[in-house]
Each structure stands twice: as C-alpha cells, then as structure tokens.
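The values are calculated or read from the model by the stated rules, or taken from the named source; none is laboratory data. Because the structure is predicted, anything quoted here is derived from the model rather than measured. A quick note on method: Cβ atoms are made from the backbone with ideal geometry, for glycine too, and the neighbour counts reach across all protein chains shown.
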Amino acid sequence: MVRVRVVRHSGLRRRALRRRVLWGGGEVLVTVGVVLLLLVVHQVWWTNREAREGAAREVRALERTWDGGGGDSRTAVPPTPAVTPAPSSTGSPKRPADTRRRATAAPAPAPDWSRSYAILTIPRLHLRVPVAEGVSRSGVLNKGYVGHYPGTQQPGQAGNFALAGHRNTHGEPFRYINRLAARDTVRVETRSATYTYAVDKTLPRTTARDGGVLRPVPRSTVRPAYGYTDPGYYLTLTTCTPEYTSKYRLVVWAKLVSMRPR
C-alpha cells in the first residue's frame, strides 16, 4: 500500500513566517551594526580630522594677526596692567626672570568668550593648538581647541592658569599628556609675550569634582598628597581618564620658568 504524505498548509505557513522573522531580524541587526560602525568612524576619525584642521587654521590666523598681517579683530585687545599678587602667610610668589630680555610684558588680556586668544605648544607631543576662553563642549572643546577655565588666572599672572582639552575625539589635543615628564616644556603664546612652563607634577587620577586642582595654589582635595602649598605661577592641564571615558580626571602641573615679550 502506498502512503500519501499529507502536507498541512498551516505548518508551511508557520515555517515561512519563522524564516521571514529570522531574515528580517538579521537585516535589522546588520543595519544597526552598520549604523553603529558609521557612528564610531564619525566620532573617532571624522571629528578628529575636522577638529584638527579647524584648530590648525585658527593657529595660522592668530599668527597672521600677531605678525600684523590682518585677521580677526578679536585678538586686538589692549593688554591689561600686570597683576601684583597680594602678600601671603606662606610668602609671595617669585616671578621668573627672562634670561634674554629685561623688558616687561603685561599678562595676557582677558579674552572674548569662546574665542581663541593664545596658542599652546607642547614640543614633546608635537602639539600646537589654539586656546579659547571657556570649557564648553560645543563652543570650545569640540573644535579641537584647549579651553581656559573661567575664574583661573591668565598666562603670566601669579596663580593658576588652568586649561582643559579632550583626550579622545574632536581633535583629542590632550590624548597623550600622560606621557609628559618632569622638565618637559610647555609654551603659551599670546599677542604680547611667550610664556614657557616646565612640567613639575602629575596627578594620575582624581574625581571630576576635584576643584582644588584649579585653585590659585593648586592642590587636590581628593588626594591631598598631590599639589602645592606655596603661591607661584602655575599651569594646570586637565583631561578625562581612562581613555574613552569621562569618569575621572588626569591632571598635569607645570611652573612658569621664563617670559619673553614679542
């Protein structure tokens, strides 16, 4: 006797439906993967390229303006008088002498908000980027600039000239500041003078709310063993750590060693 196989259409439909669901789910996963990959490429590669090119153009614009070649009038701000630090119970800060010229250069003028007004150069890292007022992401940091913390001092002034920069994406100017070692030089150029700082100390990790590192006499409130007790002429560089996170802050301190008028 020949048996005839009975095909149930309901079973065929269920199998076809499962295939369509699996195929559709696979297409969705592939699409999501491609979108995520494009986002990563945009964040890691394109934003870096765009920010670095923009920062390099801004550096060239500042140099042309300072050299008298015209440019944005935002840098043509009359210099402010030099600031004389008030006496302190721990002593007054000693201003480094310029070994090449005896002329006195006024500290950098107060800049316009979110506008570049100085150039930061770190030879060891082959870094040369503009410095702008403020630390907002959209207005300053995402342009590949380094941002000046409002309320901290300007270059050449007694106290703490504090800066922030991205460690990853958007130009990532501070990606390798963890490689800076004692006595590495950091230069800050303004319209009126060039200030040279020497790296002195590094705080490998502290919280994002550690405001002590930005005080005129910088000292960590989270890790008090790191920082200073005497007034001086300080430069503070801050960025996020570990890489690709913003949970903690890495801090590098330097001291002013010379000032050369332009």
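Being touching a helix residue (DSSP H, G or I) at 6+ places or on another chain (Cβ under 8 Å) and free of Cβ contacts under 8 Å to residues at least 60 places away in the same chain narrows it down to one residue among Thr245, Thr238, Thr206; which is it? First the steps, then the outcome.
Details: Thr245 fails: touching a helix residue (DSSP H, G or I) at 6+ places or on another chain (Cβ under 8 Å); Thr238 fails: free of Cβ contacts under 8 Å to residues at least 60 places away in the same chain.
Exactly one of Thr245, Thr238, Thr206 is touching a helix residue (DSSP H, G or I) at 6+ places or on another chain (Cβ under 8 Å) and free of Cβ contacts under 8 Å to residues at least 60 places away in the same chain, namely Thr206.
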Kindly establish whether Pro224 is assigned to a loop (DSSP other than H, G, I, E, B) and within 30 Å of Thr65 (Cβ to Cβ). no
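Which one of Thr202, Thr206 is of a type in the set (S, T, N, Q), under 25 Å from Ile119 (Cβ atoms) and not in a loop (DSSP other than H, G, I, E, B)? Show your work before the answer.
On the way: Thr206 fails: under 25 Å from Ile119 (Cβ atoms).
Residue meeting the stated conditions: Thr202.
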Options Arg167, Arg175, Arg74, Arg100; residue that is of a type in the set (Lys, Arg), modelled with pLDDT under 95 and part of a loop (DSSP other than H, G, I, E, B): Arg100
Matching residues, region 228-239, being surrounded by fewer than 21 Cβ atoms within 10 Å (Cβ to Cβ) and farther than 20 Å from Gly156 by Cβ: Thr229
Could you tell me whether region 202-215 includes any residue that is in contact with a strand residue (DSSP E or B) (Cβ under 6 Å, 6 or more places away or on another chain), more than 26 Å from Gly139 (Cα to Cα) and aliphatic (A, V, I, L, M)? yes
Top-ranked residue in region 137-157 [being of a type outside the set (Phe, Trp, Tyr) and in contact with a Ser or Thr (Cβ under 7 Å, 6 or more places away or on another chain); ranked as surrounded by the fewest Cβ atoms within 10 Å (Cβ to Cβ)]: Gly139
